[in-house]
Amino acid sequence: MPASNKTAWAVTAAALLPLVVASPAYADKEDQQPKPPAAMSTVGGTLLGRPGTQVQLGPGAPVLPKELTGRSWIVADAESGAVLAAHNSHWRLAPASTLKMLFADTLLPKFPRTANHTVVPKDLEGLGAGSSLVGVKEKQTYTVHDLWLGVFLRSGNDAVRVLSAMNNGIPQTVQDMNDHAAELQALDTHVVSPDGYDAPGQVSSAYDLTLIARSGMQKADFREYSSTARAKFPGELKPGKQRETFEIQNTNRLLTGALGIAPYQGMAGVKNGNTTHAGSTFTGVAERNGKVLLVTVMNPSSKEQHAVYKEAARLLDWGFAAHGKVAPVGELVPPKSARTSPGAASGGSAPAPGKDAPATVVESAVTHERASGAGIALAVVGGVLVLLAGAAFLVNRRWPLPELVRRRPRVDGDE
């Protein structure tokens, strides 16, 4: 080979070498990204057990937003329970402080909001390093109402510890939460720490967090606390002085608007979270034009600032635009106790869609929901979860979220 040709080959090889070397490195980096299980729970429908995005677009339906990087997400009709779209929705992931929704749904009915509790040192033992705190102090007395404001607005792990102490301690509270998760058929969820602080084996899923939020939002106190933007929290009582208060603000940026995030129109809760292991997590509920949607996003990989809120807002926008134009890919199932209630809305003896329901039953239920609008949904009757039949079910299945949203103080930018 002539010397000139050898030189040309050498130059070409040198130019291509970085590309050849770079390709395996890029592939290795991709391979290191966590992958969802090949098969996941089918609670709520067989499609929800498949990895990847599940959506069934009908005529005129908008396509899903491109800027979605959450490892897991779901958007559902809060009233009917129909799942409009989902992505790895049963992937068991660390939930961070969104787990406080289960804590609240479990413990809220146990203590009257006017009850007082004086904090002792043992109440605050075991707080994890770097925990979010509302500012609960030893030897100070707080009402249950104060403590719940601390849980919802400031995601206060100190308030969680005190309420857990009132519930006979952390082990009892963890057991109660796991029992309640099982009752709700939130079977991806395992509680180790009631405040959502990272702990080995503590997991939930976008599906479960949405299911839990739906249950919680049927409790008046839960709705009130999760939709409160700002409140006064008691400070330290000093001898001879009147007890002062300080303002706390909800850390749900789509509710309050902060750090460059605008309030989302119609936002009425629910809970955000962030830890080193879980990344950012968020479950929200919003009402627009008579429709109420729930969305959960877990651990977005985007470097976009406040990505979890922006991706949740994009999914809500899509959900409101796509409502009625997509076929549901599954549904939010009722609690176990509701499945055996006489005179359920389905009018038959077939099991409600769940883990032990055949795929044909799940698909049939989803088809029925699409055709009649009745489906299997939870109604609010005195704050108790029940399933109603016939006309009564159709009349009462609406949640009182629109009124709650109208009562929320307006923020510049709201319509």
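The values are calculated or read from the model by the stated rules, or taken from the named source; none is laboratory data. Since we're looking at a predicted model, the values are computed, not measured. FYI the Cβ positions are ideal-geometry reconstructions off the backbone, even for glycines, and counts take in every protein chain you see. Please note that ligands, DNA and RNA were not included when accessible areas were found on the heavy atoms of the full protein model with its side chains. Shrake-Rupley method; radii C 1.70, N 1.55, O 1.52, S 1.80 Å.
Across the accessible surface of region 194-302, with the other protein chains kept in place and a 1.4 Å probe, carbon and sulfur atoms take up 48 percent.
Normalised by the number of residues in region 39-148, the average gap of Cα pairs under 8 Å and 6 or more apart makes the relative contact order 20 percent.
Our note on the geometry: Cα centres of region 191-252 and region 38-97, 26 Å apart.
The dipole here belongs to region 57-148: it is taken about the Cα centre, uses +1 on the Cβ of Lys and Arg and -1 on the Cβ of Asp and Glu, and is about 200 debye. Label-to-label distance for LYS241 and THR143 is 2.3 nm, based on points extended 7 Å past Cα in the beta-carbon direction. Each residue, LYS232 and GLU183, gets one label point 7 Å from its Cα in the Cβ direction; the gap between the two is 3.6 nm. Nonpolar atom fraction for region 34-123, defined as the carbon and sulfur part of the 1.4 Å probe accessible area, stands at 57 percent.
For region 152-255, the solvent-accessible area works out to 36 Å² per residue, with a probe of 1.4 Å and every protein chain left in place. For GLU224, GLU244, GLU287, the ranking by accessible surface with the largest value first comes to GLU244, GLU224, GLU287, using a 1.4 Å probe. Summed over the residues of region 78-136 and divided among them, the accessible surface reaches 35 Å² per residue at a probe radius of 1.4 Å.
Rolling a 1.4 Å probe over the protein chains gives SER72 an accessible area of about 0 Å².
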